[in-house]
Amino acid sequence: MAKTFKGRPLIPGSAEGEALASKSPFNVSASYMENLFAGNTESAPCTDPTNKEWSGKNLAGGILCFPSGVGSTMGGATLMGVGSLGLGPKAMLYAEHVDSVSVAGLIIDSVWNGNNVITIDQLGEDFINTVKTGDKIKISEDGTVEVG
């Protein structure tokens, strides 16, 4: 049975797919090191060794579900960069508030590169406790997310 959550759509859109879920905060820069510094333009394997749920998994085109973002001021440029490679996520679903650095990079990626990564925050603690990798996700423009 599907469970529905309502968040704040920052970059609205509709999409369906499978969740890639983590209980760890998303360290954007640490997660895309292979793309940033090793020249990988074919996939986006998560290179953050502290994120046991995502480490080594391909983040490209994923519906990323996580509590919050962490990291440096390089995160926004990192999201714009992987977006320009065609390796950005399909959606970023935050249980908590989005961090301003990441959302700035996502907005710039949308304006400059035409990549609209659906971004919804404030989905709540129950969302991150419910969603699991592989769950079916349906996202609506109004910030509604169905899991299951």
For segment 1-32, what are the residues that are under 14 Å from LEU93 (Cα atoms) and among the small types (Gly, Ala, Ser)?
-> GLY7, GLY13, SER14, ALA15, GLY17, ALA19, ALA21, SER22, SER24
Taking into account only those residues within segment 1-21 that are farther than 22 Å from ILE108 by Cβ and surrounded by 19 or more Cβ atoms within 10 Å (Cβ to Cβ), which is farthest from the chain's Cα centre (by Cα)?
-> PHE5
Inspect segment 1-24 for any residue being basic (Lys, Arg), in contact with a Ser or Thr (Cβ under 6 Å, 6 or more places away or on another chain) and not in a helix (DSSP H, G or I) and give the result as yes or no.
-> yes
What residue, of ASN51, ASN58, ASN27, ASN35, is of a type in the set (S, T, N, Q) and at pLDDT below 95?
-> ASN35
Give just the number: which of (1) within 13 Å of ASN27 (Cβ to Cβ); (2) among the charged types (D, E, K, R); (3) out of contact with any Lys or Arg (no Cβ under 8 Å at 6 or more places or on another chain) does GLU53 not satisfy?
-> (3)
Within segment 33-73, the residues that are of a type in the set (D, E, K, R), within 19 Å of TYR94 (Cβ to Cβ) and either in contact with a helix residue (DSSP H, G or I) (Cβ under 8 Å, 6 or more places away or on another chain) or in a helix (DSSP H, G or I) (or both) are ASP48
Which is over 14 Å from the mean Cα position of the chain (by Cα) and crowded, with 19+ Cβ neighbours inside 10 Å, of ASN40, ASN51, ASN35?
-> ASN35
Which residue, of GLY69, GLY81, is under 20 Å from VAL145 (Cα atoms) and either crowded, with 17+ Cβ neighbours inside 10 Å or touching a Lys or Arg at 6+ places or on another chain (Cβ under 8 Å) (or both)?
-> GLY69
Flagged pairs (Cβ under 6 angstrom, 6 or more apart or on separate chains; first in segment 6-25, under 13 Å from CYS65 (Cβ atoms); second surrounded by 15 or more Cβ atoms within 10 Å (Cβ to Cβ) and modelled with pLDDT under 95) are PRO25/VAL70
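The values are calculated or read from the model by the stated rules, or taken from the named source; none is laboratory data. Please read these numbers as outputs of a predicted model, since none were measured by experiment. As a convention, Cβ positions derive from the backbone with ideal geometry for all residues, glycine included, and neighbour counts pool all protein chains shown.
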